[in-house]
Amino acid sequence: MTALPQRKSLPHTPPSWVPAGEIFFITICCAKRTTNQLATPAAFKVMTTALEHYMAAEKIWSPLFLAMPDHLHALFSFPPRVRMENILRDWKRFVAKQAGIIWQDGFFDHRLRSNESLEEKAHYIRRNPVRADLISTPDLWNYVWPDCSAAPAR
């Protein structure tokens, strides 16, 4: 039997040539991928309250945060004086303690390139519950921050 390849852990620290304030598409998964830990009113409240606290402390900025049952997608930007992995690790730890979430180690990040628009990535995130057959239109999903239910669905 052939062994599976080992996953490489890639650094999350942006290279020095990446300008401060760049926006990253972030995915964070629960350890158990088939259980609804995140798309509940209580868990979502803990996550968004913590996010708002981090934003007020100027540790993170987010125009969009969406929780699926077992993972979340967000658009985040980080100031130059903080490390992405430290902020997300601390946020995950707080949310885990407050809401009992069991997270997978790490997270996935993708810096939006010049040919990718913020609007296109936000549209992709907002349509995630539709693609998962959880709702019929994005405006029906309750676990999105800020509340975008008034925005027209595409």
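Read-outs throughout are calculated quantities, based only on the coordinates presented, and are distinct from any laboratory measurement. Quick caveat: nothing in here was measured; it's all calculated off a predicted structure.
So what's the convex hull volume per residue for the Cα atoms of segment 23-145, in Å³?
Considering the Cα atoms of segment 23-145, their hull volume per residue is 100 Å³.
Distance cut-off 18 Å, Cα to Cα: go down the list Lys32/Lys59; Lys59/Lys121; Lys32/Lys121; Lys45/Lys92 and report the pairs above it.
Listed pairs above 18 Å: Lys32/Lys59; Lys59/Lys121; Lys32/Lys121.
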